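**Q** Structure incoming, see below.
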Amino acid sequence: MRTVTIDPITRIEGHLRVEIQVEDGMIVGARCSGALYRGLEEILRGRHPLDAQRITTRICGVCPLAHSTAAALCLDDVLGISPPRNGQLLRNLIYGANFLHNHILHFYHLALPDYLPADALPGALSPGTDEDRRFSREEARKLADHYLQALDMRRKAQELVALFGGKMPHDMSIVPGGVTYRPDPGDVAAFRFRLKEIVDFIRGVYIPDLLLLARRYPDYFELGGVGKLLTFGCFPLDGDRLFPAGAVLDGEPEPLDPAEIREHTARSWYRGNGAQHPREEEAEPDPDKAEAYSWIKAPRYRGEACEVGPAARAAIALVRGPGGFREAAGELLTEAETGPERLSSTMGRHLARGMEALFIARAMEGWLAELDPAAPVAVAFTLPREARGQGLTDAPRGALGHWVEVAGGVIARYQVIAPTTWNASPRDEKGTPGPIERALQGTRVSGDGLLEAGRIVRSFDPCLACAIQ
Ligand code: NFE
């Protein structure tokens, strides 16, 4: 048996160490480790509750809107308020732009180089290997052109965030009770113009490229599966969510029960085994814990290590989501010659990202058309001195939760469980591997496993800045 260590794994956000054991051409064991403790939850203790929203957006520069949104939902819950419809539309438009940026970034700039020949991209951008490259020269040249075009699309998506959010990263608009921005007709026109270009790009370039990748690498629908899925849903509007919440533990979608979440720390550098609900969690760092191998905790839902992200959202939305999603997603799955049972796989995750990118962009066009420059965008509130709240949303990478306890008018406890905390989690006290560890185990590999492991791990789009707080 050979142990191969990838440390750090490149083309993801942050520092993730992945160790695989390879025996007789198969990955027989895997360990994911997050090596950097951050302490954001500790920084929040004793601060004014409204600071939570401004500080937690700084958790990450890739998905700051995810934390801004989760913190706003958490404080809305503390205050017992929800934004007026205009405020909800604006929150969704700002957050939607962050999703579009993320998915274009992930497909073209983080994942695609794993499949392009070494000479398709200029030196430093190239993965530097020609192993298992299946695109023709012409296809590779076209994809490399799209790699550059995608940079421009990302700029436009970031401009969308800045138009209504004030700036990118770390918006200044989303606040408890709504947003601080009133729709200005000039900004709305600028937003519409850019959004149309992004929709055209997703439909005319991203989706065809995605289908080409799926056709060249159909075996990756069989690699990197997890099977157990969880989503908190996202984009709330008048009590419904564009993507509904739910879980798949035994093959059938079931409703979400947030009381069933626990964070385990048996193999993480914190005292004890954890297994607490984030509402009551006390996690004291213990860097000398001998049996631990990661700063990432191990969140579990009903005791299960669940994959979160686009595959989970699509699996639930295909059953409980809006008709428009079910139809479009069904068509794309047929074109890719696969089915919903293959969403939790390396290629399934890419496909699910593409299908939701187009659906979210179209939903944004509808929300934009509904904005009313004269209608209120926020509601006023008075902060209680004692309260608890939770803010659950999906981020681009999956289920994101913020939990707060306010005591004596200040934050007594603030807990964050981010998507990559779920996906890149280590084992728990029962020895259950985290989703990425599970996805790697049992994979047939051609050589030392580096190629397959890189493709599988990147399909989760890990972000270590978010994973450890
Ligand atoms: Ni730092 Fe994030 C997303 C969140 S991932 S990118 O999407 O929350 O753990």
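**Q** Looking at the structure I just gave you, is residue 128 exposed (fewer than 14 other Cβ atoms within 10 Å of the Cβ), on the phi > 0 side of the Ramachandran plot and out of contact with any helix residue (DSSP H, G or I) (no Cβ under 6 Å at 6 or more places or on another chain)?
**A** Yes: the conditions hold for residue 128.
**Q** For region 326-372, which positions are polar (S, T, N, Q), surrounded by 19 or more Cβ atoms within 10 Å (Cβ to Cβ) and part of a helix (DSSP H, G or I)?
**A** If the condition is that a residue be polar (S, T, N, Q), surrounded by 19 or more Cβ atoms within 10 Å (Cβ to Cβ) and part of a helix (DSSP H, G or I), then 346 is the only one that fits.
**Q** Then there's this: Filter region 179-190 for residues that are open to solvent by less than 60 Å² (accessible area, probe 1.4 Å) and over 24 Å from the mean Cα position of the chain (by Cα) and give the result.
**A** If the condition is that a residue be open to solvent by less than 60 Å² (accessible area, probe 1.4 Å) and over 24 Å from the mean Cα position of the chain (by Cα), then 181, 183, 186, 187, 188, 189, 190 are the ones that fit.
**Q** Output the residue which, of all residues in region 257-291 that are among the polar types (S, T, N, Q) and not in a strand (DSSP E or B), is surrounded by the most Cβ atoms within 10 Å (Cβ to Cβ).
**A** 265
**Q** Going by what's in this entry, would residue 397 be described as within 16 Å of the ligand (Cβ to nearest atom) and over 30 Å from residue 282 (Cβ atoms)?
**A** For residue 397, the condition - within 16 Å of the ligand (Cβ to nearest atom) and over 30 Å from residue 282 (Cβ atoms) - is not met.
**Q** Still on this model: Could you grab me the full set of residues in region 96-125 that are open to solvent by 10 Å² or more (accessible area, probe 1.4 Å), touching a helix residue (DSSP H, G or I) at 6+ places or on another chain (Cβ under 8 Å) and assigned to a loop (DSSP other than H, G, I, E, B)?
**A** 117, 120, 121
**Q** Six or more apart or on different chains, Cβ atoms under 9 Å: show the pairs whose first residue is in region 14-35 and at positive phi and whose second is in a strand (DSSP E or B) and open to solvent by less than 60 Å² (accessible area, probe 1.4 Å).
**A** The qualifying pairs are 14/34; 14/463.
**Q** Right, residue 237: farther than 30 Å from residue 336 by Cα and touching a helix residue (DSSP H, G or I) at 6+ places or on another chain (Cβ under 9 Å) or not?
**A** The answer is yes for residue 237.
**Q** Another question, then. Of everything in region 76-90, what is within 25 Å of the chain's Cα centre (by Cα) and open to solvent by 20 Å² or more (accessible area, probe 1.4 Å)? Give them in sequence order.
**A** 77, 82, 88, listed by residue number.
**Q** Sticking with this one: Which of the residues belonging to region 1-16 are over 19 Å from the mean Cα position of the chain (by Cα) and either open to solvent by 70 Å² or more (accessible area, probe 1.4 Å) or of a type outside the set (Val, Ile, Thr) (or both)?
**A** Passing the criteria: 1, 2, 3, 7, 8.
**Q** Which residue out of 30, 52, 66 is small (Gly, Ala, Ser), within 13 Å of the ligand (Cβ to nearest atom), crowded, with 20+ Cβ neighbours inside 10 Å and under 23 Å from residue 398 (Cα atoms)?
**A** Among 30, 52, 66, only 66 is small (Gly, Ala, Ser), within 13 Å of the ligand (Cβ to nearest atom), crowded, with 20+ Cβ neighbours inside 10 Å and under 23 Å from residue 398 (Cα atoms).
Okay, residues lined up against (1) more than 16 Å from the ligand (Cβ to nearest atom); (2) open to solvent by less than 10 Å² (accessible area, probe 1.4 Å); (3) within 18 Å of the chain's Cα centre (by Cα):
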{"residue": "386", "(1), (2), (3)": "yes, no, no"}
{"residue": "407", "(1), (2), (3)": "yes, no, no"}
{"residue": "412", "(1), (2), (3)": "yes, no, no"}
{"residue": "433", "(1), (2), (3)": "yes, no, no"}
{"residue": "442", "(1), (2), (3)": "yes, no, no"}
{"residue": "449", "(1), (2), (3)": "yes, yes, no"}
{"residue": "457", "(1), (2), (3)": "no, yes, yes"}
{"residue": "465", "(1), (2), (3)": "no, no, yes"}
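**Q** Out of all the residues in region 355-372, is one or more more than 22 Å from residue 240 (Cα to Cα) and touching a helix residue (DSSP H, G or I) at 6+ places or on another chain (Cβ under 8 Å)?
**A** Among the residues of region 355-372, not one is more than 22 Å from residue 240 (Cα to Cα) and touching a helix residue (DSSP H, G or I) at 6+ places or on another chain (Cβ under 8 Å), which makes the answer no.
**Q** Moving to a separate point now. Of all residues in region 419-431, which are over 21 Å from residue 348 (Cα atoms) and either open to solvent by less than 20 Å² (accessible area, probe 1.4 Å) or among the charged types (D, E, K, R) (or both)?
**A** Residues satisfying the conditions are 426, 427, 428, 429, 430.
**Q** Would you check which residues across region 294-323 are surrounded by 19 or more Cβ atoms within 10 Å (Cβ to Cβ) and part of a loop (DSSP other than H, G, I, E, B) and list them?
**A** Those that are surrounded by 19 or more Cβ atoms within 10 Å (Cβ to Cβ) and part of a loop (DSSP other than H, G, I, E, B): 295, 296, 297, 305, 306, 308, 309, 321.
**Q** Give me the residue from region 161-178 that is open to solvent by less than 20 Å² (accessible area, probe 1.4 Å) and over 21 Å from the mean Cα position of the chain (by Cα) and, out of that set, farthest from residue 51 (Cα to Cα).
**A** 164
The values are calculated or read from the model by the stated rules, or taken from the named source; none is laboratory data. For clarity, every value in this text was computed on a predicted model and none was experimentally measured. Using ideal geometry, Cβ is built from the backbone for each residue, glycine included, and neighbour counts are taken over all protein chains shown. Quick note on the areas: whole protein, heavy atoms, side chains included, nothing else; ligands and nucleic acids left out. Shrake-Rupley method; radii C 1.70, N 1.55, O 1.52, S 1.80 Å.
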